[in-house]
Amino acid sequence: MADDIQTKLQSYRTAPFDARFPNQNQTRNCWQNYLDYHRCQKALTAKGTDITPCDWYMRVYKSICPGSWVSKWDDQRAEGNFPGKI
């Protein structure tokens, strides 16, 4: 399974189609993948397992989210006032 994930990450180009977000506006897709990355990272770290599978979410949100949003959300998480549930 880890080899399959590594292969997918190496051949990754941009965010694939996600049926949950069929519209042109990808704001919600950006937000959801940001949350999914940090939730995945938190869950796998708590279990003491490798967090490599979480890299998929990070690559997706970094390809579709504006950098200013990501840096704002990172600052909010660091300050403890992030509005999302992670």
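Using a probe of 1.4 Å on the protein chains alone, the accessible area found for D50 is around 100 Å². With protein chains left intact and a 1.4 Å probe, residues in the chain average 69 Å² of accessible area per residue. Would you mind finding the longest exposed-site-free stretch of the chain, with exposed trypsin sites (Lys or Arg not before Pro) meaning DSSP loop and at most 12 other Cβ atoms within 10 Å? My reading of the result: 21-84 is the longest stretch.
The values are calculated or read from the model by the stated rules, or taken from the named source; none is laboratory data. Everything numeric in this text was worked out from a predicted model, so none of it was measured. Quick reminder, even Gly has a Cβ in these numbers, built from the backbone with ideal geometry, and neighbours come from all protein chains shown. When the accessible area is computed, the model is the full protein with side chains, heavy atoms only, and any ligands, DNA or RNA have been set aside. Shrake-Rupley method; radii C 1.70, N 1.55, O 1.52, S 1.80 Å.
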